[in-house]
Every structure is written in C-alpha cells, then in structure tokens.
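Note sheet for the following structure.
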Amino acid sequence: MIVRSFSFLLRHLLFTLCFSLLAMYGLKAQQDLPNKSSSQDEEKVKVGISGYIQGLVAIGQKNATSTVGTSTKEQDGMFMRMGIRRGYLTTKASYKALSAVTQLLVTDKSLGIFQAYLRYNPTMHPEHRLTFGLTTVPFGYELVISSRDLESFERAAYYSDLFPTIIDMGIYYHYSPSFSIQHAINFFTLDLGLLSGNSTFGMRKALPDIIGRIVFGHKDSKMKRLYGVSGYYGYTTAVGKQYARRIYLGTHLDYQLHLTDGDLKFRLETLGGWQSGTPQTNCAVGSSSPEKKGAEQFVLLERPFLGAMGMLVYKSKRLPIEGFVKYDYYNRNLNLKQRLASPSIHQDLHYKAEGVSHRGTIGLNSYFFKNRLRLSAHYELNAQEGGYYANPNDTLSPLQTFWIPQNDLFLLGAQIIF
C-alpha cells in the first residue's frame, strides 16, 4: 500500500513537472525566434506560482457527512474530524498571447492534477480566449468561481452529482467584449465548449458533450445586476449499448449593492433537467463511471431533477467581517419518476435511491492581511431524504421514503492565500 501510494504521488509530480517544462520550452522557443520589433525582443516568458489552502474542523451529528476525515463504523454519536479540505498550487507560464497552466490539488485524502491546459488570448483581440485541456466547466454561478472566493466552503449540493470534480477535458471558447459604463448592458460574456463528459477519467464515447453559458447585465460603482443562462447536452454510456442523457438548463442572477458601510449581495440560481445515474446514485460520471464489471452494478437510469440555491451576503467595510445565509435544494428524483435506459437487465436487483435534500448554512467569515487569511465559522442544517423500492424486481414501483435524522454540521475553517 505504501509503495502504491508513493508511486501514485511520484507519477503525478512528474506529470506536472514535465507539462510545465514542455510548456515553458515551447514558449521559450517562440521567444527565441527573430523579431523585427525591438520592443518584442525585450519580452520574456513570465512564470508565476500561486495557491491557497483551506483547513477544516468538522463537528457533526451521527448521520452527518464530513468532507474531511473518514467516517468510522463505530460512529454512533457526535464526532469531530479535521483535515485539509482543499489546497491548490498553480504554476503559469505565459508568453505574449500563449499561456500554459498546471494546478495541483491536495486534500487530506488525495493528491493529484486538478487543471492542466493551454490557452490562447490574442493581444490584439483580448475579448476572445481559446482554452484546450483539463479545466473548470463553465456552467451556472458557483461552478465558475474559485472555492477561494466563495463565502461558503461547499457549493450547492446538486453540483456534486452534475459535475463531480467541476472540471473536464475539452475545448472552450470565451468571449467578453468591452462596453461603455453608460450602456444599459455594459457586461457580457459567452462561453461555449466541447468536452469529454467524464470528468478527469477520459472520454469513453463517440461524441463529445456540449456546454454553453451567457451572462449579461450592468455594473457600476453603486451596484451590480447580472443575469445568466447555462445549458448542457450530453449522454453517458455503459455496458449492453446502454445510454442515458444528461440535459441541464440553469439560470442565475447576481445582485450587489455598494453601500456606505459595506456591500450587500443577493444571489439566486435554479436548474433542472435529466440526469444520468445508476440505481444507487444520481451520478454516472467521474469516479462513478460505468465500468464493465457486470450489468447488475451499472444499469443506467435517467432521472428528472430540480435544484435551487439562494444566498444573502453582507460584507462590512468598517470591520473585516462578512456574514451570510445560504439555502440550497436538490430533488434527485423529481416526482419519483425514473426510466430505465435498458429495462431488460434489471431483474433480481434491489435498488436504493437518494431523494430530496435541503441544506441551510449560516456563516461568519473574518479577513486579515489584505484578505490573505480568512477565519470562518459555519453551521449547516441538513435535511436528507432516503428511500428504497418496495418491489426489488421493479424499479418503476413506488419508492418507500424516509428522512435521515441528526445530520447537522458545525465547521471551523482557516484559509491562507500565498
């Protein structure tokens, strides 16, 4: 086990080093080419390293789920876990319009590559940007924002099913033109992408998935009003030529008032669609991708789902304090309707299903040293519905549901940016 872990760590470190060196070598080779302009001769490859780390102490009731530490079988009451929730080390090499980025992710459970991509951003037309590689998926509101800049430690619950790692391999185009501040709409961004649709685990089907996102609105010194629409179309494959669609449609709004004593922010996000999954989970991509280990384990379902998130934030200008209230809702089995992608292979199986979840979060953040240090105290109130099929041989029969009690969580955290 120790040898295997060391080999895993060494392999990822070597990959990061080789990717960075190759990118820097390619950029340096372009720099060494003769240029007619003397100002271009003075340009050099720029290399930067940055990162941050978040540490958490989680105190939870017996049925709570902690993102740090590991649950134990003897856990029959309140528990405490502590560890690294997430930490990122980013290396960026850039020359003129080209840049190469690698990012390592470390938690108390794993260490590996998070992002690795090449980007072209023409200096003459900076409103256009083309990215190729493994990077963040442009969808919704919270997904495109770094966890470093989110007020809460966790994104809305539905993202862990729809985009388990929030990244995917693909080709992405970004367009953000400039407008005069006097215009009624002075902010606009467009994102389009073709991606593998299987997180970090490689493309395993004939056609890529399609994603798109548009955000528009008005920003000035007094307030910000932004509206967004996101869409995703793809599918998941499994054994026996099964397939299940992934169709998501989301909307969001982001309001912010710049007051004398602080900033007041309000955000709202809604999304719905069809999600591919297995009988045991509403997620069939990433580490839950169907493998050829038997059809019984990887029957594909298409579940209609609905999710929503609302958040109110106030950040003081007089004190280094920020408070927020957040609520997110996720119905994995909307109206408890499900459709088997291949009904012929589900016999003699006993299925379990996840149901509705409600999560309310109350939090307080304090910032020090020009926001490089953040100390936080958050309380999560969780209501989770579980279920099982009354008839194990018929997944279309009604679900028998129940509510899981005692799963609230208290979090103490610290974030350091370097």
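Only protein heavy atoms count here; on that basis, with a 1.4 Å probe, K265 has an accessible area of about 30 Å². For the pair K46 and R204 in one chain, pulling the backbone fully straight at 0.36 nm per residue adds 53.3 nm over the alpha carbon distance.
Between L319 and R372, the FRET efficiency estimated from the beta carbon spacing at R0 = 22 angstrom works out to 0.80.
When all protein chains stay in place and ligands, DNA and RNA are ignored, the 1.4 Å accessible-area order of T65, T281, largest first, is T65, T281.
Between the C-alpha center of the range 114-147 and that of the range 177-206 there is a gap of 8 Å.
Counted by Cβ distance under 12 Å from D191, the other residues give a net charge of +2, where Lys and Arg count +1 and Asp and Glu count -1.
Ordering F163, F188 by accessible surface, largest first, gives F188, F163; the 1.4 Å probe counts only protein heavy atoms, with every chain in place. The largest accessible area among I113, I167, I404, I210 belongs to the first residue in I210, I404, I113, I167, and the rest follow in falling order (1.4 Å probe, all chains).
With 0.36 nm allotted per residue and the present C-alpha distance subtracted, the L412-L192 stretch has 75.4 nm of extension available. When peptides 366-377, 93-104 are sorted by average Cβ neighbour count within 10 Å, with the highest value leading, the order is 93-104, 366-377. Among the listed pairs K92/K317; K224/K315; K46/K224, those with a Cα-Cα distance over 24 Å are K92/K317; K46/K224.
The values are calculated or read from the model by the stated rules, or taken from the named source; none is laboratory data. Everything quoted here is computed from the prediction, not taken from an experiment. A quick note on method: Cβ atoms are made from the backbone with ideal geometry, for glycine too, and the neighbour counts reach across all protein chains shown. Please note that ligands, DNA and RNA were not included when accessible areas were found on the heavy atoms of the full protein model with its side chains. Shrake-Rupley method; radii C 1.70, N 1.55, O 1.52, S 1.80 Å.
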